[in-house]
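Student: Before I ask anything, let me first share the structure, which is written out below as structure tokens.
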Amino acid sequence: STPAVMLSAMAAAARGGVLFKSSAALDALADVRTVAFDKTGTLTQAKMTLTRVVADDEGAALALAAGLEAHSEHPIAQAVVTAARERGVTPEHVQDAQAIPGHGIEARGADGAVVWAGNTRLAGRNGAALNAAQHAALTELGSQGSSSVIVGRGPQVLGVMGVADALRPGIAQALTELRASGITHPVMLTGDRQEVAQTVAAELGLNEYRAELLPEDKLRIIGELGAQPGAGRVAMVGDGVNDAPALARADLGIAVASGTDVAIESADMVLMRSDLGKLAGAVRLARDARRTVI
Ligand code: ADP
Ligand code: MG
């Protein structure tokens, strides 16, 4: 049976908004040295706003993007749909919309042609190439830490849009405390562009990040991180449907409560107030409980 000291540590953690689903999860946390963090919705708030439209016909580009994103649940989608509504732009009607994980969304326009909104990978899939100005816009947005959406019709790029997200309040401090508590190896994982990842990682003082990841890449990287010398046990913190496999694979999956149900179900531990500032204290609690039991 579970030692009393572990039960009381779990109860204390729960009062502080940290839910361990089992005593094994608490015990695993005592050995964690490596923590992989999803970016969007975990380190950031995933409350995105449209900040920029680069297009010959901004209204047409936004209308198509909003028509497509109305069918998506990605945090980028809500920013695009809201911006169109605020600007009085009527979303273009699309049909057979389909989310393509790690890429964006594809559908058919009124004339039956393929229309799409997503990243450069999705543009590539549609045989669409960005011109110099569009490419420069992506790079500039990335250097500001902003994500982007490219919208197109078949092989034609109609526009590039910037969407900005805000870091969770206190997140840099939370990471500093986590390092002080013995998490020697924090890593950011994201499906977003390299430039965006680099900018956000620098703002957070994170030395290591992996960008442009597909959901299956996150899963694979969790395994690789654990194989590195001195890695200790590996925890993954995430919020999305796309994070669920990595949360399940990690020695300790940690979900933020603002995330999706599937992330919460796949995790071993839940940050009930989505406050990553609680992690360092939880690590200390787990190590104290371990010492007391042994
Ligand atoms: P993440 O949440 O870490 O960005 P995802 O796997 O959800 O990871 O998405 C990877 C990338 O695919 C995103 O960064 C974005 O560029 C693109 N993407 C996914 N869904 C959409 C969408 N609905 N609209 C625009 N881009 C999208
Ligand atoms: Mg996320």
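Where a number appears in this text, it was derived from the coordinates with a stated rule and is not lab data. Computed from a prediction, not measured in an experiment: that's the story for all the values here. All Cβ positions, even for glycine, are placed from backbone atoms using ideal geometry, and neighbour counts span all protein chains on display.
Student: Can you tell me how the range 110-215 classifies by the Cα gyration tensor, rounded, prolate or oblate, using a/c under 1.5 as the rounded cut?
Tutor: Taking the square roots of the gyration eigenvalues as a ≥ b ≥ c, the range 110-215 is prolate.
Student: Per-residue HN-Hα couplings for the range 256-263, Karplus 6.51 cos²θ - 1.76 cosθ + 1.60 at θ = phi - 60°, whole Hz, x for Gly and Pro?
Tutor: After applying 6.51 cos²θ - 1.76 cosθ + 1.60, I find 8, 5, 6, x, 6, 4, 5, 5 Hz.
Student: Within 10 Å of each residue's Cβ, count the other Cβ atoms and sort 89, 293 from fewest upward.
Tutor: The fewest-first ordering by Cβ neighbours comes to 293, 89.
Student: With θ set to phi - 60° and the Karplus curve 6.51 cos²θ - 1.76 cosθ + 1.60, what are the ³J(HN,Hα) couplings of the range 213-227 in order, to the nearest whole Hz, using x for Gly and Pro?
Tutor: So the J values, rounded to whole Hz, are 8, 7, x, 5, 5, 4, 4, 5, 5, 4, x, 5, 4, x, 7.
Student: Here's something else I'd like to know. Among the aspartates and glutamates, which have Cα under 17 Å from the Cα of residue 47 when same-chain residues fewer than 8 positions away are ignored?
Tutor: Of all the aspartates and glutamates, those that pass the test against residue 47 - Cα under 17 Å, at least 8 places apart if same chain - are 38, 69, 73, 86, 165, 192, 239, 275.
Student: Counting other beta carbons within 10 Å of each Cβ, put 106, 177, 73 in order, fewest first.
Tutor: Going from least to most buried by this count: 73, 177, 106.
Student: Then there's this: Would you pull out the residues with amide H under 5 Å of residue 166's amide H, same chain only if 5 or more places away, H placed 1.01 Å from N?
Tutor: It is 45, 46, 47, by chain and number.
Student: Provide the percentage of antiparallel DSSP beta bridges, counting only those with both residues in the chain; round to the nearest 5.
Tutor: Among the beta bridges of the chain, antiparallel pairing accounts for roughly 60 percent.
Student: Now for a separate question. Amide H of residue 104 versus every other amide H placed in the peptide plane: which residues, excluding those fewer than 5 positions away on the same chain, fall under 5 Å?
Tutor: For residue 104, whose amide H was placed from the backbone, there are no distant partners under 5 Å.
Student: For the range 47-64, in order, what is each residue's ³J(HN,Hα) by Karplus, 6.51 cos²θ - 1.76 cosθ + 1.60 with θ = phi - 60°, in whole Hz (x at glycine and Pro)?
Tutor: Here the 3J(HN,Hα) series is 10, 8, 10, 6, 10, 7, 10, 10, 7, 5, 10, 4, x, 5, 5, 5, 4, 5 Hz.
Student: How far is helix 171-180 tilted off the main Cα axis of the chain, in degrees rounded to 10, range 0 to 90?
Tutor: 30
Student: Who wins for biggest fluctuation among 202, 117, 77 in a Gaussian network model of the chain, springs between alpha carbons below 10 Å?
Tutor: 202
Student: Right, something else. List the residues, sorted by chain then number, that are 5 or more residues from residue 209 or on another chain and whose placed amide H is less than 5 Å from its amide H.
Tutor: 188
Student: I've got another one for you. Put one equal scatterer on each alpha carbon of the chain, apply the Debye formula with no solvent term, and list log10 I(q)/I(0) at q = 0.14, 0.15 1/Å to two decimals.
Tutor: -0.96, -1.05
Student: Another question, if that's okay. Work out the FRET efficiency for residue 136 and residue 179 from their Cβ-Cβ distance, taking R0 = 30 Å, and round it to the nearest 0.05.
Tutor: After rounding, the FRET efficiency stands at 0.25.
Student: What is the range 49-164's relative contact order, in percent, from Cα pairs under 8 angstrom and six or more apart in sequence?
Tutor: Contact order relative to length: 30 percent.
Student: Can you tell me how the range 49-164 classifies by the Cα gyration tensor, rounded, prolate or oblate, using a/c under 1.5 as the rounded cut?
Tutor: Verdict is rounded for the range 49-164.
Student: Which residue fluctuates the most in the chain, going by a Gaussian network model with Cα springs under 10 Å, if the choices are 192, 239, 111?
Tutor: Residue with maximal mean-square fluctuation among 192, 239, 111: 111.
Student: A follow-up question, please. Determine the shape class of the range 210-294: with a ≥ b ≥ c the square roots of the Cα gyration tensor eigenvalues, call it rounded for a/c under 1.5, and otherwise prolate if a/b is greater than b/c, oblate otherwise.
Tutor: oblate
Student: Continuing with the same structure: Please arrange 74, 93 by counting, for each residue, the other beta carbons lying within 10 Å of its beta carbon, fewest first.
Tutor: Ascending Cβ contact count within 10 Å gives the list 93, 74.
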